[in-house]
Amino acid sequence: MESANSYDVLLAAPDPSTRAALGRALRSQLKARISEHGSARSALTSYSNSRFDAIVCDSTLAYPDCWCLLRMVRSGRFGFAETPAFVLASLQEQAALSALADDFTRVLESSSPDETIKQIVRHRSAHHRPLVLLVEDEPNAAAAAERALNKYFHVEACPDAESALLAWRARRHDLIILDLMLPGMSGADLLPLILQDRPDQPIIILTAYDAPERHQELMLSGATEFLSKPNNMRELPGLCSRILRDHACLRSARQARSAAEQLVQLSDRLQAVNYTLRRGRTAEATLHVQRAMDVFRTTDDFRYNAPGDDLWTTLVQEFERPQEKQTT
């Protein structure tokens, strides 16, 4: 079960009829390849030796139970820790067991295999695989990294810095895995060329030299993480996922800080508009309004969430309509 294009499911349920019904539904609606197991122990062995797009686990597994299996999955010691899991439970159990779910685990009501598959189909349709640029000139090392990643990421491999720079400028990959020792331009020379264009680009450096001073220098220059050769390919997907998650959090924090600063600017401008209008200085008020509008035009958060044309028209008409006389 190593194909990136197939949909591979680890199915663990003690009852053979349950496994058969779910297996038929998965094959029919998802064209999935199924690895069926009647125990958590057997399922974990399969999970450790292969890569899966999803885990479907019946809550009736016992000794060890499905939650023991999922704790071992989430540890990251036996494979990709973020493999989506769907725990099948009775209607009576569902509410109680949902408290045990995590960001990658859902508890589904088990009475309808077709409904279970619909939930998995929706999850698959909504799942986004990040784009990774792998810059590695050693064919065997590049192939090993691609095999480790391509179930969970879209991987584009380049054997040298020049082709990698062209690929990155064309597609702006979510993550770059960059070998330092490359033919021609080195990885250390490529790093600043990328960072001067996108300073927050996540980049993992691959290096055969375990020199802390060199690592420190490159990380202070903008590299995100280091991975020493030879590396444990089992850990590579988890490392990539963690770095992308951290990057998304930091980007959200920066956007929130920027939006707060822009709100302060907007508030100050509106107060200036109010002050100048009250004193009859309409020309100055108009300039302050224009500066306030610049906030919407130059800030992504405001530009995407600013009032649309229909709302602007409604707001303008609100003050153009004659005011109705109030009756007493």
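The values are calculated or read from the model by the stated rules, or taken from the named source; none is laboratory data. Here the structure is a predicted model, which is why all the values come from computation and not from measurement. Virtual Cβ from ideal backbone geometry, glycine too; neighbours counted across all protein chains shown.
If the requirement is being more than 27 Å from the chain's Cα centre (by Cα) and among the aromatic types (Phe, Trp, Tyr), which of these qualifies: Tyr7, Tyr63?
Only one candidate qualifies: Tyr63.
So that you can scan it fast, the table gives a plain yes or no per residue for (1) of a type in the set (S, T, N, Q); (2) assigned by TED's automatic domain parsing to the domain that holds Ile204:
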{"position": "Pro64", "(1), (2)": "no, no"}
{"position": "Arg71", "(1), (2)": "no, no"}
{"position": "Thr83", "(1), (2)": "yes, no"}
{"position": "Ala96", "(1), (2)": "no, no"}
{"position": "Thr105", "(1), (2)": "yes, no"}
{"position": "Ser110", "(1), (2)": "yes, no"}
{"position": "Lys118", "(1), (2)": "no, no"}
{"position": "Pro139", "(1), (2)": "no, yes"}
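So in the stretch 122-139, with the set limited to residues that are in contact (Cβ under 8 Å) with a residue 60 or more places away in the chain and assigned to a loop (DSSP other than H, G, I, E, B), which one is surrounded by the most Cβ atoms within 10 Å (Cβ to Cβ)?
Glu136
Residues in the stretch 71-100 that are closer than 22 Å to Arg129 by Cα and of a type outside the set (Lys, Arg): how many?
Residues that pass the stated criteria total 12.
Within the stretch 155-171, which residues are out of contact with any Asp or Glu (no Cβ under 9 Å at 6 or more places or on another chain) and closer than 20 Å to Ser241 by Cβ?
The answer is Glu156, and nothing else.
Could you say whether any residue in the stretch 76-98 is in a loop (DSSP other than H, G, I, E, B) and exposed (fewer than 14 other Cβ atoms within 10 Å of the Cβ)?
Just the residues of the stretch 76-98 that are in a loop (DSSP other than H, G, I, E, B), to begin with: 76-84, 90.
Checking which are exposed (fewer than 14 other Cβ atoms within 10 Å of the Cβ) leaves us with 77, 90.
Yes: one or more hits.
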